[in-house]
Every structure is written in C-alpha cells, then in structure tokens.
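The structure appears right after this line, and notes come after that.
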Protein chains: 2
Amino acid sequence: MPRGPLMIIGGAEDKLRRPTILKHFVAAAGGENARIAVIPTASSLGPEVVEVYDALFRKLGAADVVAVRPETREDSHDPDLARRLTEATGIFMTGGNQLKLSAIISGTPLADALVTANEAGTVIAGTSAGASIQSSHMVAFGGPGSTPKQRMTQVAAGLGLLQSSVIDQHFDQRNRYGRLLMIVSQSPQLLGIGVDEDTAAVVEVEDGHEIMSVVGKGAVAIFDPSRIVTNAYEAKRSSPLLASGVVLHVLPQGSRFDLSTRTLLPHVPAVDPGEAAEMAEAGRDLRQLARDIAADGVSPTNLRRRIARTTRRKSATTTAPDPDGASA
Amino acid sequence: MPRGPLMIIGGAEDKLRRPTILKHFVAAAGGENARIAVIPTASSLGPEVVEVYDALFRKLGAADVVAVRPETREDSHDPDLARRLTEATGIFMTGGNQLKLSAIISGTPLADALVTANEAGTVIAGTSAGASIQSSHMVAFGGPGSTPKQRMTQVAAGLGLLQSSVIDQHFDQRNRYGRLLMIVSQSPQLLGIGVDEDTAAVVEVEDGHEIMSVVGKGAVAIFDPSRIVTNAYEAKRSSPLLASGVVLHVLPQGSRFDLSTRTLLPHVPAVDPGEAAEMAEAGRDLRQLARDIAADGVSPTNLRRRIARTTRRKSATTTAPDPDGASA
C-alpha cells in the first residue's frame, strides 16, 4: 500500500454551502466505507467541535466517525486511542492551538500511530493548527505583516508528515507573508508553504515524488529559498530582513506542483467555450465546402461566393465571449 | 550632467523624530543651496500640506521652498509653474490620489518640465501617490490581500521616470502583495516594486545601470516575473491567480539592487563588535608570544604554559555578545 495523502487545509473550510474540501477528504477516506477519526485536541472548544465534524462527515457519506481526544500526554499513551487511529481510514485534526496539540501528542505512541497509519495508506487531513503540525518545522506564534522582520515568529517541531517544510495557514486572510519569509530566511533548507482559508494543499506520492495539488477557493503560496541571499543571521531584533532571490509560486485550484523538484507541473490552459464553438463551426463549414468542391468542381466565382456566405454565417452565429472572462 | 536621482518613498515618512528620508532628499537637492519645488496636487488638503513641507525642508537646511500647485490641466500649461520646476534643485510630490495628480499633469508642459529637469540632474522625490506616479505603469485603485486575484486592481499610465516598472507603496502596512503580483502576472515585462512606509527606494544611474538603494525603516520588495507561469489571461473575475516562478527580493536599508540586471549587489556583512574585539586581543597575544619566542628561545614546557595563560586571559576578557544580536 502506498503512503496515504496529506490534506493541508488553511482553516475556515466551507462546511455547509460548498464543502469541496471536506467532500474530497471523505472520498479519499473511502466514501461510504470511510471510518474517520477526529482529533480535536488543538481546539479550546468542548464536545461541540467533534459533534460538528461528526455530523458533517456522516452527512457527506462516511460510515463511521470516532473522536480521539487526548487531553494529556498520559492519554496519548492509551493503546485504545492509538487503536482508533490504526482502524480509521481517514484522520482529521481540527483547528485551535498547534502548540497544545503538539505538547500533548508529539513523541507519544499516539503520534507514532498517526505517522504509521499514514505510511500504511491512511489519508491525514488537518485544518489551521491541524495543518501546521503536519510539517517537520511548525510555526508556533507570530504576528501579521508582509515584510519579514527578525523574531516576528518562532518555530517548534511538527509531526514531520511533510519533511523539510514549514506550513502556515489563514495565509492571505491574516497577512502572513512576512512570518513565513522570516522562517525560510533563517532556515533555507525548508520549503515555505502558505495555505489560504477554504483551500487545501493535497500531497500524494507519485513515482517517488511528493506531488502537491490545490483544491478550494484560495491559493497555496510556496517560498523556495534555495538561492536566497539573507542577513537573517545578523539582523537586529524586529528590523526588516534581507531576503533576496526567493522564488515564489502562487498556486490556485487545479495547480500541481512537484515538491521534490520544486517545480510547477504543466498547466492545462482553459478552453474558451465561445472560441471552441466558433472553431468547430468553421471546421464544419470548411469540410462542407471541401465536399462540395470535390463533388461538382465549382467554378472560381462560385467558390468565392460560398466562402463569403460561410464567413457571414460564422460571424452571425459566433457565441458572445463569457462576460466573466479576462478578455473582451 | 548625469540624470538626477529618484526617491520613491512608501508614504508616512518620519517628519520629526528621525527624518532620515527627508534629510537624504534635502542633501541630494544641494543641502543649504537646495531650492525645492513642492507639488501637492495629489493631496485633498489645502495650503497646510505645503506649509508642513515648507517648514520641514527649511528646518533641514534648504535655502528656498516654492509650491507648484496646478489644480487643472489648464494650470499645467502655465509657463511660470514650469519655470519653477526648471529652476528647482529638487522636486517633491506629496501623497494623496495619484490619479488626480496624473489627470492634472500627465501629458502637459509641466510634466515635460519635470522629466526634463530630472534628465538634467534634478532629484525627484515623491511619497505615496507621488511615488506611484514615477513608474511607467501606475497602480490606480485596488484592495488589500496577499493572494493575487483577478481584477483586484487597475493600472493607468505613470510619468515614466522609471521605465518598465510598477511602483506600489504603504506596501507592508496595507498588505499589497496581492495587487502587485496581479499586475506583474498580467504584465510580465514590468518589474514590481513595493515600498514600505517610512522607507525610500533611491534610484541612481551608475555606468549606465539603474542602481536602487534602500533608505529607511522598512523594506522594498521587488517582484521579478521574468520566468513567470501564469493563467492571468484566462482566470475568472476575482479568482486567485496562478503566479509561479516569480523571484522575490525583500531589501532592507543598506541593500543595493541593480534594476537593469535585476540582481542584488554584493551585501557587506555586519561585523560583530564582540567577536572583532576578541580576535584583535587574540592577535595581540599571539604576536607577543611570537616576539617572546624569537627573543629568548623558550623551552617547549614554557611555551605550553604561555599558551595556556594566553587562552585563560582571552576567555576572561571576551566581550559578551550583543543582546540584540541574532545569535546567543
């Protein structure tokens, strides 16, 4: 069995109107055969957070939903909780405080069971705090702002489901370019991954490469600092950092990115339906014309008339361009 | 006479406590010989905006300050106003609404006089609206947000003092990564330049290259879209854009960047004063040791003792690391 997918969700995923991301998760967990374990430990809310996800996942067709809620490191040594992860076909970590989640599960048999389940094929999803904890290096705290400043954020250790990376969330909505740039400036061996709200980075292994695809309403921003020039080792407290040569990829839904080679996979351009209809029509006209010519050997005068007629008909039937399209 | 410098100020420059940027401008305009023309046309304020800059520039040592305030395109044909620009040693454009400034001066003899003055050596500075109008392509409107979205901003024509570029301001403070990324995605021949508040990009021509240096408290962000892959030509209204492979440079005070080759100029690393003092002390000790050895041919035992003594003395006198430094 290949390793299971990771779903790294930027928080505030749509739960009712268009639950694209949660649907994707239930499908990846086996659809009507899905047995989902919810880990709500990051959350400061009570049982209601489990009740919400329980209702949502069942509504989206999952067969079973169980809670796995350690509240102490002692709880995370309970073999019964670990067994629930092992038996699940999908594991979902809620939002909240990623340091709380990490403080309670990291380095325990429960975290080992989660990593082992993923290696055996189980899809792991997490939103907000549950997204950040998936990377090897985890954003712990930090303020907003586009410009990276010394010490504007701190790093702790994550679960390492995604190695050599640091994941940030609510990325557009909370203006977190600066803090992710600060981290990759100080740790240029990491890839920075910033996920917008109601958006997921889905990572799957294909031919030994980690391939990320984007699902949802926003975008995933990737910072590749391989060739960075920085003064992060000497800049004073709170001063802006030099971060020159960072390669930025902003990836909306449908984009595919090879995390192993750090390159965009070929983009399939959209086809304008109006233009496609026009070309199809023109193709039919020309084929008809060719058949006519082959059948009765038209004179040059008749040929000119037919081409003129074809052109007139074409412009009369051309579909108007999509009013929402980029060009007129 | 070489072309004059451009000072592209991101708005909200410090005027009283540490007026680094305004000082830099007065010095570039000739210091005590400076004759400064202030263009407040972008501003919605009355005479007080001129009064403030008049008082500031005189306090910083300028010999003379005159207002050049066209309020209609007709005014911008007044030869007397143009003459004030020609006679100035520095021209300063205030903040406000860059479309208003552009609507009143672009394509008039006044704008020609400004461009000609810069070509003849006059420094041109502008803050906020007065910064944006300096580029060939000018941000006209637009909302905040880190993720570029289709149609989140519009472009109008700027004065073109800086060709092949688009300048944005209040860059960190108003979260304008998204709108500048949208513009360079649609116009990958432009270089995107985002300037933080109380920060200036100073552009001067050296050996035929436009060299930008950074002055002030924040940073200047450069987006180089030379190798961008984008769907900006087909993305639907308000959806996030694909913008993959944009090279980002975040440049704090002291950075120098070649706009012509789009490369960072060599960075001079800061010297830690504690480390420098330790090395100087060690150097003195070792030179003394060498003199002693040369003078009386010490025995191996004495030599070992002296080295041990030197090492002890060195660790006792090592300066503690700077408490504000990056490392402990």
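Since every read-out is calculated from the coordinates, none of them should be taken as a lab result. What you see is a predicted model, and the numbers here were worked out from it, not measured in a lab. Counting neighbours? That spans all protein chains shown, and the Cβs are built from the backbone with ideal geometry, glycine included.
Below 14 angstrom from the Cβ of B:Ile183, what's the summed charge of the other residues (Lys, Arg +1; Asp, Glu -1)?
It works out to a net charge of +2.
For the pairs A:Lys236/B:Lys236; A:Lys217/B:Lys100; B:Lys149/B:Lys217; A:Lys15/B:Lys149; A:Lys15/B:Lys217; A:Lys217/B:Lys15, flag any whose C-alpha to C-alpha distance is greater than 32 Å.
A:Lys236/B:Lys236; A:Lys217/B:Lys100; A:Lys15/B:Lys217; A:Lys217/B:Lys15
In nm, to one decimal, how far is the A:Leu265 label point from the A:Asn97 one, both placed 7 Å along Cα→Cβ?
3.9 nm
Where a Cα-Cα gap under 13 Å defines reach, which aspartates and glutamates qualify for A:Lys23, not counting those fewer than 8 residues away within the same chain?
Filter leaves A:Glu13, A:Asp14, A:Glu32, A:Asp198.
Could you list which residues have their amide H under 5 Å from that of B:Thr263, counting only those 5 or more apart in sequence or on another chain, with H placed in the peptide plane?
Those lying under 5 Å, H to H, from B:Thr263 are B:Asp258.
With a Cα-only, solvent-free Debye model of the stretch A:58-165, what are the log10 I(q)/I(0) values at q = 0.23, 0.24 Å⁻¹?
Each listed q corresponds, in turn, to -1.33, -1.43.
Pick from A:Arg227, A:Arg18, A:Arg291 the residue whose mean-square fluctuation is largest in a GNM of chain A, springs joining Cα atoms under 10 Å.
Of A:Arg227, A:Arg18, A:Arg291, the most mobile in the Gaussian network model is A:Arg291.
I'd like the mean, over residues of B:231-239, of how many other protein chain beta carbons sit within 10 Å of each residue's own Cβ.
So the per-residue partner count for this stretch is 5.
Give me the net charge of A:Glu197's neighbourhood, meaning all other residues with Cβ under 10 Å from the Cβ of A:Glu197; Lys, Arg count +1, Asp, Glu -1.
Residues near A:Glu197 contribute -3 overall.
From the square roots a ≥ b ≥ c of the eigenvalues of the alpha-carbon gyration tensor of the stretch A:40-93, which class results: rounded (a/c under 1.5), prolate (a/b over b/c), or oblate?
Oblate.
How big is the Rg/Rh ratio for the stretch B:216-257, C-alpha atoms only, Rh by Kirkwood, two decimals?
Result for the stretch B:216-257 is an Rg/Rh of 1.15.
Run through the DSSP bridge list for the protein assembly as shown and note the antiparallel percent, rounded to the nearest 5.
60 percent
When a/c reaches 1.5 or more, the comparison of a/b and b/c decides; with that in mind, is the stretch A:186-226 rounded, prolate or oblate per its Cα gyration tensor?
Verdict is oblate for the stretch A:186-226.
Per residue of the stretch B:128-134, what does 6.51 cos²θ - 1.76 cosθ + 1.60 with θ = phi - 60° give for ³J(HN,Hα)? Whole Hz please, x for Gly and Pro, Karplus curve as stated.
In residue order, the calculated couplings are 6, 3, x, 7, 4, 5, 6 Hz.
Counting each DSSP H run of 4 or more residues in chain B as -39500 (n - 2.57), what helix-only mean residue ellipticity at 222 nm follows after dividing by all residues, to the nearest 500 deg cm²/dmol?
-10000 deg cm²/dmol
When the dipole is taken about the Cα centre of chain A, and only Lys, Arg (+1) and Asp, Glu (-1) are charged at their Cβ, what size is it in debye, to the nearest 20?
1240 debye
Determine by what factor the alpha-carbon radius of gyration of chain B differs from 2.2 N^0.38 Å, reporting the quotient.
Here the Cα radius of gyration is 1.31 times the empirical estimate.
What ranking do B:Arg17, B:Arg284 get, fewest neighbouring Cβ atoms within 10 angstrom at the top?
Starting with the residue having the fewest Cβ neighbours, the order is B:Arg17, B:Arg284.
Taking the dipole about the Cα centre of chain B, with the C-beta of Lys and Arg at +1 and of Asp and Glu at -1, give me whichever of B:Gly95, B:Thr41, B:Leu265 is farthest to the positive side.
B:Leu265
Distance from the Cα centre of the stretch B:184-215 to that of the stretch B:81-125, in angstrom?
Between the Cα centres of the stretch B:184-215 and the stretch B:81-125 lies a distance of 19 Å.
To the nearest 10 degrees, how steep is helix B:48-59 against the longest Cα principal axis of chain B, on a 0 to 90 scale?
It is inclined by approximately 40 degrees.
Can you classify the stretch B:152-232 as rounded, prolate or oblate using the Cα gyration tensor, where a ≥ b ≥ c are the square roots of its eigenvalues, rounded means a/c under 1.5, and otherwise it's prolate if a/b beats b/c and oblate if not?
Taking the square roots of the gyration eigenvalues as a ≥ b ≥ c, the stretch B:152-232 is oblate.
Residues with beta-carbon under 15 Å from that of A:Ile228, excluding A:Ile228: net charge, scoring Lys, Arg +1 and Asp, Glu -1?
Combined, the nearby Lys, Arg, Asp and Glu give -1.
How would you rank A:Val52, A:Val26, going from fewest to most other Cβ atoms within 10 Å of each one's own Cβ?
A:Val52, A:Val26
So if R0 is 30 Å, what FRET efficiency would B:His209 and A:Gln189 give, r being the distance between their Cβ atoms, rounded to the nearest 0.05?
0.35
³J(HN,Hα) across the stretch A:208-219 via Karplus (A = 6.51, B = -1.76, C = 1.60, θ = phi - 60°), whole Hz, x for Gly/Pro?
So the J values, rounded to whole Hz, are x, 9, 7, 9, 9, 10, 10, 10, x, 7, x, 9.
Whose amide H sits under 5 Å from the amide H of A:Glu210, counting only residues 5 or more places off or on another chain, with H placed in the peptide plane?
Counting only residues 5 or more places away or on other chains, the set is A:Leu259, A:Ser260.
From the phi angles alone, apply the Karplus equation (6.51, -1.76, 1.60; θ = phi - 60°) to the stretch A:104-118 and give each ³J(HN,Hα) in whole Hz, x where the residue is Gly or Pro.
Coupling constants for the stretch A:104-118: 8, 10, 4, x, 10, x, 5, 5, 4, 5, 5, 5, 5, 4, 5 Hz.
Working from the alpha-carbon coordinates of the stretch B:114-175, get Rg over Rh, Rh being the Kirkwood radius.
Ratio of gyration radius to Kirkwood radius: 1.04.
Bin width 10 Å, alpha-carbon pairs only: give the P(r) of the stretch B:61-120 as whole percents, running from 0 to the bin holding the largest distance.
Bin by bin from 0 Å, the calculated values are 23, 57, 20, 1.
Starting from a Cα-only point model with no solvent, please compute log10 I(q)/I(0) by Debye for the protein assembly as shown at q = 0.05 1/Å.
Cα-only, vacuum Debye calculation for the protein assembly as shown: -0.34.
Order these peptides, B:116-129, B:192-205, B:141-154, by their mean beta-carbon neighbour count within 10 angstrom, highest first.
Result, highest mean Cβ count within 10 Å first: B:192-205, B:116-129, B:141-154.
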